[in-house]
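All remarks here apply to the structure that follows.
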Amino acid sequence: MVIERFPEKVWLSSPTMHGDEKKYMLEAYETNWMSTVGENINELERLLSGYIGIEHGVALSSGTAALHLAVKLAAERLYGSSSGVSTPDGLGRGGSLYGRRVFCSDMTFDATVNPVVYEGGEPVFIDTEYDTWNMSPEALEQAFVLYPDVKLVIMAHLYGTPGKIEEIRAVCDAHKALLIEDAAESLGATYRGRQTGVFGDYSIISFNGNKIITGSSGGMLLCHSQEDADKARKWSTQSREAAPWYQHEELGYNYRMSNVIAGVVRGQFGYLSEHIGQKKRIYERYREGFKDLPVEMNPFDASASRPNFWLSCLLIDRDAMCESVRSENRFFYKSESGKSCPDEILEALGNLNAEGRPIWKPMHMQPVYRSHGFVTAGGNGRAKTNAYIERTEVPDVGADIFRRGLCLPSDNKMTQKQQDVIIEIVRGCFE
Ligand SMILES: *Cc1c(COP(=O)(O)O)cnc(C)c1O
């Protein structure tokens, strides 16, 4: 079969607009609410928090900004507002988490963990589990043995598949730690009948351009108390006090969502379940198309969770991996019949004009975080990482999924025909 390159690129996950977005954007324009206040923002906060089933939502400029404020709220609750190195001005230096460790998902986008460092804290990475590709509750339990003083955990629900959030919540409760849920990728996914985003003390969603619904950018902080929501709104608008002039008692940020962007997300919201349905069908067609290949799809526990299927991913069986190596910025593989590897498949997809992506490279493997702690279900993961160099054995779950996995084109505008061609191309890699 001769396969021709797609004339139009098939994306990993691109924005899908419907028309309602334009209506709310234009409303903002025509009523001159071209600002960070307005009806779209209020409505979006009401709609989203209601849908998720949490008391409060605060619309912000990005998921990362939401994570930053979530981290600040948690730190203030745990350590007080004057943590950091105390300075004569009373503002402190070094951030609200100065000198504190925070347990974080390891296999995730770096936006999950960077806000810890913005606040002077030190992320310690918790290994992944094979069941859901999210934070391992066993590894988290181990981490509390190694670092009993830690009081904050940040976990992400990757690719729209809920992690074992109730188990993780239970471990946090047992150690009196607060939990931040990074639901940036998982809007609409449920675990035991409840939406991701309700389990954490604080949670966040992202409306970045490639997420399941988008505002081009944007994010939302979810929290349980009016006091926290008010504080986040205040911090996000430069921390103005109630006074006739610009009065400031604490540091502020410019993190509020624009009313124009809120209009786009407000318009998208009505299509969330349609998008989830489309993504689910994409996942199921891939699963069917690959059922006799030595691969598995990104897994989920069908009895406990309902993913939003944001990205469809593949994991190649260990014994079907062709020889391959990755340096920090290059790869090499040797084509073998009956075998393949992520880089071979990604290259083939690229030649077809379709966009795939490697799995998030684990944080403990990132140069920027190489000196940070890393804990696996077996204990100190760093000791094993060193063994890896000596014995060329894959030492942890995250490194293994990164080595054998990839994200497939998962755009909800991809036609069935295009997906069939993509399936053929992937199958061809194993011939
Ligand atoms: C997209 C994403 C974020 C950040 O969201 P932005 O809106 O891009 O700042 C955080 N965590 C995860 C897991 C994400 O995928």
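Scan the range 165-177 and give yes if some residue there is within 15 Å of the ligand (Cβ to nearest atom), open to solvent by less than 20 Å² (accessible area, probe 1.4 Å) and touching a residue at least 40 places away in the same chain (Cβ under 8 Å), otherwise no.
Applying the first criterion (within 15 Å of the ligand (Cβ to nearest atom)) to the range 165-177 yields 165.
Now restrict to residues that are open to solvent by less than 20 Å² (accessible area, probe 1.4 Å): 165.
With touching a residue at least 40 places away in the same chain (Cβ under 8 Å) added as a condition, the list becomes none.
No, the range 165-177 contains no residue that is within 15 Å of the ligand (Cβ to nearest atom), open to solvent by less than 20 Å² (accessible area, probe 1.4 Å) and touching a residue at least 40 places away in the same chain (Cβ under 8 Å).
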Legend entry - Extreme residue, nearest to His372 (Cα to Cα), among residues of the range 69-96 that are touching a residue at least 40 places away in the same chain (Cβ under 8 Å) and in a loop (DSSP other than H, G, I, E, B): Ser81
Legend entry - Filter result for Asn353 (in contact with a strand residue (DSSP E or B) (Cβ under 8 Å, 6 or more places away or on another chain) and at positive phi): yes
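Checking the conditions here, which among Met17, Met25 is part of a loop (DSSP other than H, G, I, E, B), in contact (Cβ under 8 Å) with a residue 40 or more places away in the chain and on the phi < 0 side of the Ramachandran plot? Quick ask: steps written out before the conclusion?
Details: Met25 fails: part of a loop (DSSP other than H, G, I, E, B).
Matching residue, one of Met17, Met25: Met17.
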Legend entry - Selection count, the range 391-431, where residues are in a loop (DSSP other than H, G, I, E, B) and among the basic types (Lys, Arg): 1
Legend entry - Residues within the range 139-149 that are surrounded by 18 or more Cβ atoms within 10 Å (Cβ to Cβ) and not aromatic (Phe, Trp, Tyr), tallied: 5
Legend entry - Criterion: outside the structural domain of Glu76 (by TED's automatic domain parsing), outside any strand (DSSP E or B) and at pLDDT below 95 - qualifying residue of Glu284, Glu328, Glu250: Glu328
Inset, instruction - Identify all residues within the range 108-122 that are within 10 Å of the ligand (Cβ to nearest atom), open to solvent by 10 Å² or more (accessible area, probe 1.4 Å) and either without any contact (Cβ under 8 Å) to a residue 24 or more places away in the chain or of a type in the set (A, V, I, L, M, F, W, C) (or both); write none if there are none. - result: Phe109, Ala111
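Here is a yes/no grid of residues against (1) away from the ligand (no atom under 16 Å from the Cβ); (2) closer than 30 Å to Gly356 by Cβ; (3) among the acidic types (Asp, Glu); (4) not assigned by TED's automatic domain parsing to the domain that holds Thr415:
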site	(1), (2), (3), (4)
Tyr24	yes, no, no, yes
Glu39	yes, no, yes, yes
His56	yes, no, no, yes
Ala59	no, no, no, yes
Val71	no, no, no, yes
Ser81	yes, no, no, yes
Leu91	yes, no, no, yes
Gly99	yes, no, no, yes
Asp106	no, yes, yes, yes
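Which residues, counting only those in the range 354-367, are open to solvent by 50 Å² or more (accessible area, probe 1.4 Å) and in contact (Cβ under 8 Å) with a residue 60 or more places away in the chain?
Residues of the range 354-367 open to solvent by 50 Å² or more (accessible area, probe 1.4 Å): 355, 357-358, 367.
Passing the criteria: Glu355, Arg357.
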Legend entry - Condition check for Phe125: within 16 Å of the ligand (Cβ to nearest atom), open to solvent by 30 Å² or more (accessible area, probe 1.4 Å), within 21 Å of the chain's Cα centre (by Cα) and in the same structural domain as Val265 (by TED's automatic domain parsing): no
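Which residue is most open to solvent (accessible area, probe 1.4 Å), if the candidates are limited to the range 207-240 and must be part of a strand (DSSP E or B) and within 16 Å of the ligand (Cβ to nearest atom)?
The residue in question is Ser216.
The values are calculated or read from the model by the stated rules, or taken from the named source; none is laboratory data. Note that the structure is a prediction, hence the values are computed from the model and not measured. Heads up, the Cβs are rebuilt from the backbone with ideal geometry, glycines too, and the neighbour counts pull from every protein chain shown. The protein model used for the area step is the full one, side chains on, heavy atoms only, and it has no ligands, DNA or RNA in it. Shrake-Rupley method; radii C 1.70, N 1.55, O 1.52, S 1.80 Å.
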